[in-house]
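Please read the structure below before turning to the comments.
The values are calculated or read from the model by the stated rules, or taken from the named source; none is laboratory data. All values reported here derive from a predicted model rather than from experimental measurement. Here the Cβ positions follow ideal geometry from the backbone for every residue, glycine too, while neighbour counts run over all protein chains shown. Note: areas computed on protein heavy atoms with side chains; ligands, DNA, RNA excluded. Shrake-Rupley method; radii C 1.70, N 1.55, O 1.52, S 1.80 Å.
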Protein chains: 2
Amino acid sequence: MIDKTIRMNYLYDFYYELLTEKQNQYMSMYYLDDWSLGEIAEHFNISRQAVYDNIRRTEVLLEEYEKKLELLKKYEGRKTQIERLKQLLQQGEQHPHIKEVVRALEKLE
Amino acid sequence: MIDKTIRMNYLYDFYYELLTEKQNQYMSMYYLDDWSLGEIAEHFNISRQAVYDNIRRTEVLLEEYEKKLELLKKYEGRKTQIERLKQLLQQGEQHPHIKEVVRALEKLE
């Protein structure tokens, strides 16, 4: 299980297009730009509790989207699979197309 | 550009979890089970126009999800990429891991 902040960063990255503008503002300030709840509250002139509630609700929403669409889960599945492929291919470095295959695999992620 | 029915089948497959129960009923009957608008209308004892409107609105909604999340577009990108990889690998059939790599690549789709 990955760390909650890392997980939220991933989920946010996958599903931000489904959030409202306000949800996006708070989430990107908190998770991407590392502002504190207090700093966000002061910036928008609202209570710290209001920011906290909004972000927690958005986190729940992101988990609901993940439960439905499983984009992070599928991404991790592909990543594991691709890592295995790279290892397989690296065992055969003499093969003329190996490097190109590895570069192409990286694009799949 | 793929045919509209095929496209809707794909979009429905990617996003059905985001639809309501009613939207899912109509869409699966119309697109997956190939019922006519009239048959669906009769089954639910509503007008053909109501079924038509609901399905058209759901189609628009699916296109909106695709515009935001691009799951079909990304899937097609991966498919093209994977096809290219398979061709590359098949050029080097003597390589001992090729068959395993191809099988693994197929799982990526």
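Below is a table of values for the structure above.
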{"quantity": "Mean accessible surface per residue for the protein assembly as shown, computed with a 1.4 Å probe while every protein chain stays in place, in Å²", "calculated": "61"}
{"quantity": "Cα-Cα over 32 Å, subset of A:Lys107/B:Lys22; A:Lys79/B:Lys22; A:Lys86/B:Lys4; A:Lys22/B:Lys74; A:Lys4/B:Lys68; B:Lys22/B:Lys67", "calculated": "A:Lys107/B:Lys22; A:Lys79/B:Lys22; A:Lys86/B:Lys4"}
{"quantity": "Hz values of 3J(HN,Hα) by residue in region B:58-74 - Karplus curve (6.51, -1.76, 1.60), Gly and Pro given as x", "calculated": "5, 4, 4, 4, 4, 5, 5, 4, 5, 4, 7, 9, 6, 5, 5, 4, 5"}
{"quantity": "Label point 7 Å beyond Cα along the C-beta direction, distances from B:Gln87 to other copies (nm, shortest first)", "calculated": "3.1"}
{"quantity": "Delta accessible area of at least 50 Å² on complex formation, residues of region B:69-89, 1.4 Å probe, chain isolated as reference", "calculated": "B:Leu69, B:Arg78, B:Gln81, B:Leu85, B:Leu88"}
{"quantity": "At R0 = 35 Å, FRET efficiency that the Cβ-Cβ distance of B:Asp34 and A:Leu18 yields, to 0.05", "calculated": "0.70"}
{"quantity": "Cα gyration tensor shape for chain A, rounded if a/c is under 1.5, else prolate or oblate", "calculated": "prolate"}
{"quantity": "Area hidden from solvent between B and A (accessible, protein heavy atoms only, 1.4 Å, total, Å²)", "calculated": "2400"}
{"quantity": "Portion, in percent, of the accessible area of chain B that falls on carbon or sulfur, probe 1.4 Å", "calculated": "47"}
{"quantity": "Average Cα contact separation per residue, chain B, under 8 Å, 6 or more apart, as relative contact order %", "calculated": "22"}
{"quantity": "Residue (of B:Gly38, B:Tyr16, B:Ile82) at the positive-pole extreme of chain B, dipole from beta-carbon charges", "calculated": "B:Ile82"}
{"quantity": "Cut-off under 5 Å, modelled amide H: who pairs with A:Leu19 long-range", "calculated": "none"}
{"quantity": "Cβ-derived FRET efficiency at R0 35 Å, A:Leu61 paired with A:Arg84, nearest 0.05", "calculated": "0.60"}
{"quantity": "Copy-to-copy label separations for B:Tyr52, where each label sits 7 Å from Cα toward Cβ, in nm and ascending", "calculated": "5.5"}
{"quantity": "Nonlocal amide H pairs with A:Trp35, under 5 Å, H built at 1.01 Å", "calculated": "A:Tyr30"}
